[in-house]
Structure formats: C-alpha cells, structure tokens
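To start, the structure itself, in structure tokens.
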Amino acid sequence: MAAKYVGKRIKRTEDPRLIKGLAHYVDDVRLPDTLHVAFVRSIYAHARITSIDVTEALKAPGVVAVYTGKDIATTVGPVPCAAALPDLKIPDYRVLATGKALFVGHPIAAVVATDRYLARDAADLISVDYEELPVAVDVEASAKGGPVIHEQFGSNIAYTLTSGEGDIEAALKSADHIVTQRMVHQRLAPVAMEGRGVLARYFPGEEELTLWSSTQIPHLMRTQVALMIGLPENKLRVITPEVGGGFGSKLNVYAEEALLAWISIQLGKPVKWIESRRENMQATIHGRAQVGTVEVGCKNDGTITGLRYNVVADLGAYHQLLTPAIPTLTGLMLSGAYRIPAIQMNVTGVFTNKMSTDAYRGAGRPEATYVVERAMDIVAAELKIDPVEVRRKNFPAKTEFPFHTATGLDYDSGDYEAALDKALNLSGYAKLRAEQAKARAAGKLIGIGMSSYVEICALGPSQAMPAGGWESATVRIEPTGTVTVLTGASPHGQGQETSFAQIAADELGVDLNAVTVIHGDTAIVQYGIGTFGSRATAVGGTAVLIAIQKLKEKAAKIAAHVLRCEASSLAFEGGRYSRPSAAAASAVSEPDVAVGEAPAGALPEPDTEGRSTLTIQEIALIAHIAKELPPDTEPGLSATYFFEPKNFTFPFGTHICVVEIDKETGETKFLRYVAVDDCGKVINPLLVDGQIHGGIVQAIGQALYEEVVYDEQGQLVTGELMDYALPKASQMPWFELDRTETPSPVNPLGVKGVGEAGTIGATPAVVNAIVDALSPYGVKHLDMPARPEAVWKLITG
Amino acid sequence: MKIEGTQELHAPRDRVYSALTNPGILQRCIPGCEALEKIGENLFAAMLKAGVGAIKGTFKGEVRLEDMRPPEHYRIVVEGKGGVGFAKGSADFDLEENDGATLIKYSGELQIGGTIAGVGQRMIQGAAKMMASRFFAALEAEVQRTTAIGEADLV
Amino acid sequence: MKQAISINVNEVDHRDEVEPRLLLVHYLRDLLGLTGTHVGCETSICGACTILVDGQAVKSCTMFAVQADGANITTIEGLATNGNLHPMQEGFWEKHGLQCGYCTPGMIIAATQLIDRNPNPSRDEIRHGLEGNLCRCTGYQHIVEAVEYAAKKKADL
Amino acid sequence: MISAPFDYVRANTLDEALALLAQNEDAKILAGGHSLIPAMKLRLAMPPLLVDIGRIKDLSYIREDHGQIQIGAMTTHYQIESSDLLKKICPLLPECAGHIGDVQVRNKGTIGGSVAHSDPSGDWPAAIIALNAELVAVSKNGERLVKADDFFVDLMTTALEAGEILREIRINKSNDRTGQAYAKMHHPASGFAVVGVAANLTLDRNGGCEKASIGITGVSSKAYRALAVESALTGSALDEQKIANAAAHAADGVDINGDLFASEDYRRHLAQVFTKRAIAAATERAG
C-alpha cells in the first residue's frame, strides 16, 4: 500500500469534539424521565448484615424504589469470572451483598430516585445493622490462615499454580551465586479520570434494553449482562459513548452494570448511575498487589542459570472478570528479555477483605518485568558488574527469533541489543556514569537506573484467552464514496479513529477525511472483543487491513467488469483502478462522485461510458446501484473480517533514567529520562509517543507515589485523590524518546502494540535508579512506592 | 491506631476512679456526649456529637466499662456509628497515686471506618489527641468540682 | 429553599431557581446542558471541572451555583470564537495533548489562564501552572507542548 | 458527591453576616469554600445555613497604612501571591500564597477562610505566626485583636468565638534588614504542607540576628511558634552551623502527629530540615 498516512504524525480526527467540549461521555447522555441510583455500601471490610431498614428511605422525596440483596438474589446472576484455572475457587458474587459484606464499598442497597441529589439523600436514611467479623487483610497472613472469607472453601486460598519450564532445582544448583529478594508490588488504583457510569433504558414495548456504559468491552458486556439478567442477547444493545480512560479498570463486567439494567426493566424507565471518586477508589478494580520472593542463579560471568518466583497474589474478596488470571501473566513474562534456561513461578491466589484486583495497565507483566529487572541489577551488584553488561550477556541474539522461553512463549522478533545501545547512546551512559562518580565524590546522591523490558501484547490468540482473542472489522464504502470502518475494538483514548483511518485511507487510496471509524455500539458493530492488552492495532488494525483487502478483491472484480479487462491485469494506485494501458494516464482527472449535492435520482448515476479508470469510490456506487455488476456478484461493497492472530507480539525496549535524591528529605527528583521502545511498525508516531509518555508516568506513579492502603481493619484509608497521589505535571521529567523498529511477523501490519510498554518498562528503571543512588549506603532494594520517608530511613540507617 | 499517654489529675486516686466510672461525669467529660443512659451493668447507651471545626458527626452507640479493679484499673470501650462512619475505641486506664495527685496512664486502640476513615486519615491522630485532651481537661474540672462539693453530690 | 440566580454563561444570560446546594458544575451540566465541563473527583484536586468565573479559573465542583449569581462564566463550549478554535484548543489538537479527553476541557481552560497571566511561560512554569489539573493518559509532555504552541500562536496574533 | 440541603444567604455587609451568625448558632461562614465545600460534599459537614461573605467588597484589600500592612479576610490567595506591594514590603506572604493548593484554589480560596479554618497542614498559619500578625475578630459586640500566638488553639480550632468573623489581618512592616522565606514539603496528592516553615528574620547593623520569628505548620495539630529556634538564633551572626544548630530545635516540646505519608519521627526530622532551609533563605535575603 502507498503510505500516505501510515507512519506519519497525523493529528487525531477524534479531537475536535473533545477539545470543544462537545463529546458525550455516559453522564453527558441525557434521556427524559431518567431515574438516578445511589448506593449504600459497606463501611466494614467483613461483616454479617443482620438487617437493612429501608422504610425511611422509601418515604423520602423523589424515591421510586430501593433494592437490597434479597431482591436480586434469585433474579440477577452473579458477577462473571472468565478466568479458567485448575481447581479455581469461584465465590458467588451477587450484584448486591447477600448475607455478608466482604469489603469496604461492597454495594448493599440501591436507591432509585427522580434526581441524583434526592437519591443521595435517601441513601443516608437506610439503616444497616452489621455484625462485624474478623478480617483478612494482609495477603501473606491470609494465605496461611486466619479468618476465612468464604467459609465454603475452608481457607482463603483461591488457587495455587506452578508454571515454567526447565529443571529449576538443577539450574539453581549449577549457579555460582544465588541472589534472593523479597519484593512487594503494591496495590494500585487505575483512576481513570472518568469513573464508571451506566445508563440503562428499557423499552417495555419492544422488550429491548439499551445500556450505555463506560467500558472497554461492549460486546463481552452485552453477552455477560444478557446472561446475568436473563435477557436474550439480541435484545440488549450496549453503547460505549466516549470513555474517559480505562487502563484495564473498564475491562470488566461490574455489579452495577447488570443491576442498572435489571432496575430499568423493573421500573420501565431509564436509570443512571455515575460513580463518584470515592466509589471508584472503593469498588472499581485495583491492580498489582503481589508479594513475592525471587531467587536467581547466576554464573560468575553474569550468565543467568535459572529464576524462581514464589508469590502470593492478593485477589481481593471476589473474582472480577479476570482476577485470578492476572498473576498467571506474570508467570509468562518472567524470562524478560533474557535467555533463562529454567524458570518457575509458584503462585498462590489469596482472598482478602478488599476490592478485587484485576487488569490494570500491564496486568501481571509489570510485576514480572519488575522482578526480572530488579533481579538483573541485584545480580550486577552481587557480581560487581555494570548492569548493562549483565543484561547484554543474557540477551538472545536477534538471529535467534522466534525465541523460545522457559515460560513457554515464543517471542516473535526482537533486537534487544539495538534498543539497549540506542538508549545508551541517547543517554550518554558512559558520561553519565562519570558524572555520577564526580557527584558522589561531592556528596550527592545520583542514581542511574535502567530496564530492558519485553512485554507481551496483541492479546491474543484465542487459545490463550478466556473469551476469544481475535478482533473484527467491517469496512464499507458507501454509495457516495465515504468509507465506514466498524471495529470490534473499543478504543477509549488510544486514537484508533485516526490510526485505523490511516490504515484504511492508505489501503484504499482515499482521503483520510473520507474515512469514519465507528466503534462501541453493539447494534451497529459486529461482535468484537475490545481494547485492552495492547491489542487494538495489532489485532483490530489487522482485521481492518484484511477486511479492506477482501473488499478490494470484490472491487477489482467490478472494476474489471466495467472496464472490460481481467481483474488480475488492473493496476490500483491512489484509490483508482486502471486498465493496463491507462495506468500511465491515470493522472488525468476523471469525474468523481459528486459530494455535497443531492442527485436527482435516488443515487447519483455513475458515468462509466468509455472509462479506462475508476476510483474505488465510484465502484462503490456501481456496486450499490447494481446495474453493471459481473454475474453472480453480491451488490454493495463491504467486507467483514475476524482476524485470529497466531501468536502474541513482543515489544521491547530499554529505559534509562537518572535521579537525584535529596539526602536530607529522601525526595527523588528526575534529572533525565530516556526511553527507546520498539513496538514494531508504527502507524502514527504521535500516538505512539503519547502512549509511551502516559505509560511511563503511570509507572513512575507506582515507583514513587501511588498505593492503595487498607488499614489492619480493612478500612480503605486512601479513599480520595487527596490521599492517593496521582503523578502531577510538575513532578514529571521531560522524556527523551527514540525508537527501533523491528516488525512483527505475527501480523501483516508488522505492528506489536504500545499501550502498556511505558508502564511495564519504566517502573524498574526508576527503582533501579533510586537503589543505585542509595548504593553508597549499602542499599540493595527498596519497596515501592519510594516515599521520601522510606528513602530517608535507608539513608539514615 | 494506638493512643497512649499519661495525664496527671490533681485529686486523690479513689476520687478520680469514682469520677471515671460515674456515668454523669463521663457524659460531661466525653467530648460531645449528649446522652449516656444506663442500659445494663456498666453498660450505657450513648449519643455523641463529635467533631472538630466544621467537621461534625452524630454517633449513636455504647459505652462499656470492663475489667474494673478499683481504684487502680478499668477499661472503657466506646463504640459509635453515624452518617460519617463509625468509631470504636477501647482504652485501659491505670491509676497511680502520686503525692496526693493521680497519674492516669492510658493506652488504647482507636478504629474508625466509613467516610472519616477514607478521607480523614491525616487528621485522625490530631483529632484523637484533641478528644483525649478535652476529656482530661473536663475530668480535671469535674474532680475539682466534686472534691469541692463532696462525693454526695455526685450525679 | 430555592433561590433565584442570574448567570451569564458563554455570553448568554440565564435565570434559574436553584437549591443552594446545587453545585455550579451540576448547574452548568444538568440545567444548561453544557456537558463539556466534567467531574473527576469531589475534593477539588483533579481540575476536570475547571471553568472561568469572571475571568479566573476555578473548580466548579467546589462552588455552589448560588455563589456564582451575577457572574460571567466561560466554559469549554464558549472558548472558540466565531467558530474558530482558541489557540489553546488548537495547541492541544496539534500536539496531541489529549487522549481520552476527559480532563481536557478543564486542562484547556486552566491553560488559557496560564498564558493570559504569563504569555511566555517556561516548561517548568507550565508544569507548575497546571498542578491543579490531573491527566492520567498523556504523561503531560504533549500538554506542555500544546501550551507552548498556544503561547506562541497567541503572541503571533 | 452531594451536600446535604442547607439555606444560603449572601451577606452584602459584614453587619448583615454578623447578625445572621448571631441568630443561627450552627450557621457557617462561607468564604472561598475550598475547605468547607469538600467537607460538605462528603457530608462531613452539614451546616443548616451558609452565610456567604465572599462578595463583601470591603473585605478584600491589601493596603499599607502607617507602617502597617492590612489584608482583608476575603482577599484571595492569588491576590496576595500577585501583589506587587506585598512582594516589596512583605514577600513572605506572596511566597507562602504561591505554595497553597493550586492555581484554581488560589483564585478562589481566601486568606481569612484558610486562617479561620486552621487546617493543621495549612500554609497561612505558619506565615501568620512568623509575621507576628494580629487578627481582627469582629462580632455584634465589636472588634477585638488577637495575636497570632493566641489565635491557633488546637486542631482546626481557633480563638474565634461563636458569632465572630475574622475581618482583617494586620502585620507590622519590617525594616530593610529583614529577610523572609517559606520552605515546604508538599504532600504529593493534596498539596498540603507535610511540613511548612515560615522564617522572618531581622538582622542588626552588624549582620547579627536581631529578631527571629519562626512559624511551623504541618507538624502538629496546629501551627506553632518555634521558640527554641528563635532564641537559638537571636543575638549572633548566622552561619550554616549556627542555623543548623538552631533548626535542630524545630520540634522541641511539640506533640507531633504522624500519618500515612510521614511518621512522627520523620516529621520531626523534616521540621528541622525545612526550618534550616527557611532560615538559610531568609538570612540570605536579609543580607
């Protein structure tokens, strides 16, 4: 295809509505007579609900209904868990608590009123009596014993799983050194700037329901909610309007979504619930939350012989859609960018009286990368080798791809050394080390940290996914020549309206503005999987590309018929099919379909008489008028393709950062941040940069600031953004980015994915830099977030 | 959260002890306690309006006295629940004679939940200390008053 | 009890009767239908609800509508003039200063005040000037570039 | 998040506000609202009546009168931050203002509202103490002056009595050998002072420290004057060692509060560090 758009820094087509304030997020969708829902949520982490008195609430102004657990116990199915693991314990997760409340924020009652103020007022009038129960908060303690959350399982252990290949015992035995480090991956909150929100509207006559939800997975939600409330799936339409960020937190089916749908059916009216930030902190999934110990065996020269990671994963009180599966992704990525002959992960998934953990940007892979990249630095320190050399020593060569890892994966393509070298050059690594030595001599705490990561993207082959790993696309050329792309991916900020249009415009040879990408409406778009796991472009973009190729096969047939030649002899250039002889003359302007003027007839009449070339847009018109089609040709010009990838893709890169620590306060300041990323072929460098920037900032958030804290009674003490610290502009460094480009062989676009790279690669780079800065004090490790006090304590001993 | 401290009251130990276990006095000393009604042996129903500055909450709950060993030790357990959340605290009081005065060593746990726990984290320690100091200030006044007017007038 | 208020929003006069507790952001969104101003937190941290009240950037979730009685308000919907984007809106578009777009209206409004007060800000000044606005998507770098773009554009006008 | 219902009156004059306050015991004064409104939205505060004094014109001013700086209680943080007059004659105030919250908060929040709210991590109280300000409290019964040292009583508790409104903050103008500075560690989420130290030093003609006034916020339940630091500074020339020695007393005798972000020990340490920094900067500026 002629790359007029692909690979260019094209500004986004979705932006005008967003920068004018004219876009519609769920709460911006207004329907007459909408009722509003407010929730009463548990203030205890673990308690038996002994009684709920809703009498006063029902009498309150504007209140239409109040629902509690007993109302939905037999009518709304449980919140789904799609993860399948051997002997997995799956608790019954009802959309309102029935019997017991298992975490702070657990919904207990829903008040429906004529406006949101009145609903909120009435919620205060509901009186819940609790009998407090002992809590399971600490994940390691809860794995061993203590109060059991789900009595029927006898313990808090949801599953145990061992993964990896190779003889780990032998591998560790053969090592000259074994380094061991306990690491905490603290619990994080995704904090999409728009919280969750649901608007449900039931049409009693049609017996149809439309659900607007701020979600990453409209089709999967349709299926799941239909099953939960017992509505035929084809009577449920899910629309995702603008989605104000997801980061995995909206890759889920939540209690509130099914409940709102059910309430709308009960009341025959639209009902809306918009999550408050407090609710978002309490009852939207959290991420990470692993505590593990890594053992790494290495030879004296730095060669890694084996890696074992024993980890307990804090699952929270219930399983959301993918909760138990997330730690298994950690197991898959424990080889990092290295040749490690034997790897083993032993994971124990543990229930605790907290909100569920699930996929948060990176989803299990940041934990793995952190373990491996911290371990590489610990090995380097143990052997007194430069961390660069330890990494280089263990990289597979670029000729070794596809590269099989002891975690059971086959990395598609890579050149890890090239990315490392580029990052070393860009950062001036040797000079940085010299400056560091000088600064240290002057008593300054300067640290240089790096991370050479690999991540797993383009999730993924259906075999590896709980609900299909393909993605779908339909591409249509409308009679007037505009191009409509329907994608099953459901982007929410990633910019696929632009990047998919770039792919389509280039492949069809049309103007970018002629292409409209539609997503996020199950009544319009064919079934799709969604946007998560850095999959939209690699899987969904490929579906678009192949759908277009299918469409062009048909278009060529029509063109050949009209132009009276063989399809195989046609040239296609700049959106125009030409007879062999006419190819040279194709610059001659021929009439296009008129735009902006209504034709006299139902459709404009194509003038095909004596033509030697036809634009693909004219062919669309011909295909719709259907008077000049080859025999046995379906009218219309559209094609649908469901792309099933054969493998994941494996982007990689090296990040290097330089920090200075304030010796007196323990505060960390960035001096440099260099990132060289390889996400395969790049469709739009502007968007890729944006993804990298945002990803790095979330990673820095984990490294320095963010932590969801429950106290020993299971109270969420970081319940608002006053306590849960999101990175601010003033705290962030200037990112110096570069790229290498190693195409993926897994898809014809050669793209790998970039949505999570920053988040995966950057966290260990930052922590490695801090540990490096503190190394004069004998510091070998520090757990995140590296709050000033923790750093200060290490400095003062 | 742990709370502990030592407070000297200028009254003899048995008088302080009896004040500390007297519901009328307790009601006047516990900051914001608007009602304290006996509902069982050493068990009282309480109604509290507690707060600092603009932040105020009404709590309904119980006050229980335990482990009573006059005049040297008892434990007070306070539990309250309201719109802004709940608070539960227990404190052991050890009373020592100190040259005619009484030294109270107290050590306890405070647990809070609900909105106040989710947003008030940075203030909780200060608020607890303020409550304690108000309590002891009021208690000092009470023991002085009861010393002055005599035990018989205790309510 | 409801109170009468009179507010000029984006150069249109509005008179309404509102409950005193109605937040200004809800007044704009629910009564006037100006849904470009968003709510991202409830504790005056995130800045998604930033608007201009009498020319000053404020967080409309931390203000009651009754407090704005008599005020002149500009929301994101009122920033463009005669259909032309404000240089700041242009900057955000040109420099990819937004991804999900949710923080964007508040961010743009805060940024317009920033360059009004400081027409030629350094990158550091831009970052500090936007500390009342959180963005979870962009990592801020493109936002800084967007503000630089707008400052330059405005200076060139 | 939605506040409980309340009545609202916008006072046009101070007298009107005072009358309303006198009639309604539980009424709350609404100034900029940046402390009160979030608490109301979380329903941690549910006042039945708000008396809005934010628009009372003659409460918003910055002026110099016979060597005294007078600031109306409804003057916004931004007005102070950007005041050329104050930058010249009392630079601690604009510097401190610039550390409060964020731009939007500074546009709306007022010095009077903040001081009267007396958040234990608020910035103003440190400066108010360091500047030995006097606060004018007014009630139906007239005015009274409260010294900064007497104003901050306990956690979010001030010397203002029921029915009183803070009307004005008065500061005596300092001489040209005075140096002032505010040093602060910002909480990464809320922006509040983990520790904030305001230093106000006057040197004698030989460069020795004639007068030192240090206010510290964020450390305890209320802002306080670091008396031990002041006396360690006064009367001698200030070098690095002298300053460090004095700053070591920053939290002497203070009941320190810890929280999730900073323990008591760490806060004590930070109080010393930021005291040192504030004094060093103030000394530099005085010289």
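We did not get these values from a lab; they are worked out from the coordinates using the rules stated. In this text the structure is predicted, and so the values were computed from the model without any measurement. Positions of Cβ are generated from backbone atoms using ideal geometry, with glycine treated the same way; all protein chains shown enter the neighbour counts.
Might you check whether a residue that is of a type in the set (Phe, Trp, Tyr) and closer than 24 Å to D:Thr158 by Cβ occurs anywhere in segment D:223-232?
As a first pass, look at segment D:223-232 and keep what is of a type in the set (Phe, Trp, Tyr): D:224.
Pick out the ones that are also closer than 24 Å to D:Thr158 by Cβ and you get D:224.
Yes - at least one qualifying residue is present in segment D:223-232.
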When you scan segment C:110-148, how many residues do you find that are within 9 Å of another protein chain (Cβ to nearest Cβ), part of a helix (DSSP H, G or I) and either closer than 24 Å to A:Thr13 by Cβ or free of Cβ contacts under 8 Å to residues at least 24 places away in the same chain (or both)? 10
Looking only at strands (runs of 3 or more DSSP E) that fall completely inside segment A:34-112, which ones have 1 or more residues that are within 27 Å of B:Val119 (Cα to Cα) and touching a Ser or Thr at 6+ places or on another chain (Cβ under 6 Å)? A:47-53
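When segment A:130-151 is examined, which residues are found to be without any contact (Cβ under 8 Å) to a residue 24 or more places away in the chain and more than 16 Å from A:Leu315 (Cβ to Cβ)? Show your work before the answer.
We begin by selecting, within segment A:130-151, every residue without any contact (Cβ under 8 Å) to a residue 24 or more places away in the chain; these are A:141, A:144-146, A:148, A:151.
Scanning segment A:130-151 gives A:Gly145, A:Glu151.
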Show the residue pairs that are 6+ apart or on different chains and have beta-carbon atoms under 7 Å apart, the first residue being within segment A:624-647 and at positive phi, the second being of a type in the set (Gly, Ala, Ser). A:Gly636/A:Ala623
Exactly one of (1) buried (at least 23 other Cβ atoms within 10 Å of the Cβ); (2) in contact (Cβ under 8 Å) with a residue 60 or more places away in the chain; (3) not charged (D, E, K, R) is unmet by A:Met221. Its number? (2)
Test of understanding: among A:Ala430, A:Ala337, A:Ala418, which residue is surrounded by fewer than 24 Cβ atoms within 10 Å (Cβ to Cβ), under 28 Å from the mean Cα position of the chain (by Cα) and at negative phi? A:Ala418
Would you tally the residues in segment C:52-79 being under 9 Å from C:Val9 (Cβ atoms) and either within 12 Å of chain A (Cβ to nearest Cβ) or basic (Lys, Arg) (or both)? 4
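Please enumerate the residues belonging to segment A:499-513 that are touching a helix residue (DSSP H, G or I) at 6+ places or on another chain (Cβ under 7 Å) and touching a residue at least 24 places away in the same chain (Cβ under 8 Å). Spell out the reasoning first.
Narrowing segment A:499-513 to residues touching a helix residue (DSSP H, G or I) at 6+ places or on another chain (Cβ under 7 Å): A:499-505, A:507-512.
Correct list: A:Ser499, A:Phe500, A:Ala501, A:Gln502, A:Ile503, A:Ala504, A:Ala505, A:Glu507, A:Leu508, A:Gly509, A:Val510, A:Leu512.
Among the residues of segment A:729-741, is any in a loop (DSSP other than H, G, I, E, B) and among the basic types (Lys, Arg)?
From segment A:729-741, those in a loop (DSSP other than H, G, I, E, B) are A:732-734, A:740-741; that's our starting set.
The next check asks that each one be among the basic types (Lys, Arg); those that pass are none.
The answer is no, given that none of the residues of segment A:729-741 is in a loop (DSSP other than H, G, I, E, B) and among the basic types (Lys, Arg).
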Condition set in a helix (DSSP H, G or I), under 19 Å from A:Pro78 (Cα atoms) and in contact (Cβ under 8 Å) with a residue 12 or more places away in the chain, scope segment A:224-251, selection farthest from the chain's Cα centre (by Cα): answer is A:Ile229
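When you look at B:Val119, is it without any contact (Cβ under 8 Å) to a residue 24 or more places away in the chain, under 20 Å from B:Arg64 (Cβ atoms) and within 14 Å of chain A (Cβ to nearest Cβ), yes or no?
no
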If you take the residues of segment A:688-739 that are in contact with a His (Cβ under 7 Å, 6 or more places away or on another chain) and more than 18 Å from A:Gly755 (Cα to Cα), which of them is nearest to the other protein chains (Cβ to nearest Cβ)? A:Ser730
Which count do you get for residues in segment D:1-32 that are surrounded by fewer than 24 Cβ atoms within 10 Å (Cβ to Cβ) and either touching a Phe, Trp or Tyr at 6+ places or on another chain (Cβ under 6 Å) or within 30 Å of C:Cys41 (Cα to Cα) (or both)? 13
Only one of these conditions is not met by A:Gly195: (1) under 31 Å from the mean Cα position of the chain (by Cα); (2) surrounded by fewer than 22 Cβ atoms within 10 Å (Cβ to Cβ). Which number is it? (2)
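Just one of B:Val63, B:Val77 is within 18 Å of B:Ile3 (Cα to Cα), without any contact (Cβ under 8 Å) to a residue 24 or more places away in the chain and among the hydrophobic types (A, V, I, L, M, F, W, C); which is it? Show your work before the answer.
On the way: B:Val63 fails: without any contact (Cβ under 8 Å) to a residue 24 or more places away in the chain.
Among B:Val63, B:Val77, only B:Val77 is within 18 Å of B:Ile3 (Cα to Cα), without any contact (Cβ under 8 Å) to a residue 24 or more places away in the chain and among the hydrophobic types (A, V, I, L, M, F, W, C).
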Unique residue being closer than 22 Å to A:Thr330 by Cβ and not in a loop (DSSP other than H, G, I, E, B) when the list is A:Val754, A:Val766: A:Val766
Among the residues of segment A:26-85, which ones are polar (S, T, N, Q), over 22 Å from A:Glu279 (Cβ atoms) and in contact with a strand residue (DSSP E or B) (Cβ under 6 Å, 6 or more places away or on another chain)? A:Thr50, A:Ser51
Hey, could you check segment A:499-553 for residues that are within 19 Å of A:Tyr5 (Cα to Cα) and among the hydroxyl-bearing types (Ser, Thr, Tyr) and say which is surrounded by the fewest Cβ atoms within 10 Å (Cβ to Cβ)? A:Thr516
Within segment A:248-264, does at least one residue satisfy the condition of being within 14 Å of chain C (Cβ to nearest Cβ), surrounded by 24 or more Cβ atoms within 10 Å (Cβ to Cβ) and aromatic (Phe, Trp, Tyr)? no
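For residues in segment D:18-50 being assigned to a helix (DSSP H, G or I) and in contact with a Ser or Thr (Cβ under 7 Å, 6 or more places away or on another chain), which is farthest from D:Met1 (Cα to Cα)?
Taking segment D:18-50 first, the residues assigned to a helix (DSSP H, G or I) are D:18-23, D:36-41.
Now restrict to residues that are in contact with a Ser or Thr (Cβ under 7 Å, 6 or more places away or on another chain): D:18, D:37-38, D:40-41.
Details: D:Leu18: 30, D:Ile37: 11, D:Pro38: 9, D:Met40: 9, D:Lys41: 5 Å.
Out of the qualifying residues, it is D:Leu18.
To keep it simple, each residue is scored yes or no on (1) surrounded by 24 or more Cβ atoms within 10 Å (Cβ to Cβ); (2) more than 13 Å from chain C (Cβ to nearest Cβ); (3) under 18 Å from the mean Cα position of the chain (by Cα).
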| residue | (1), (2), (3) |
| --- | --- |
| D:Lys41 | no, no, no |
| D:Gln79 | no, no, yes |
| D:Arg106 | yes, no, yes |
| D:Asn132 | no, yes, yes |
As an exercise: evaluate B:Arg75 against (1) surrounded by fewer than 20 Cβ atoms within 10 Å (Cβ to Cβ); (2) in contact with a Ser or Thr (Cβ under 8 Å, 6 or more places away or on another chain); (3) under 29 Å from D:Met156 (Cα atoms) and give the number of the one condition it does not meet. (3)
Among residues of segment D:133-144, those that are over 19 Å from D:Gly215 (Cα atoms) and in contact (Cβ under 8 Å) with a residue 24 or more places away in the chain, counted: 6
Take segment C:40-51 and flag every residue that is part of a loop (DSSP other than H, G, I, E, B), more than 8 Å from chain A (Cβ to nearest Cβ) and either within 12 Å of the chain's Cα centre (by Cα) or more than 15 Å from D:Leu42 (Cα to Cα) (or both). C:Gly47, C:Cys49
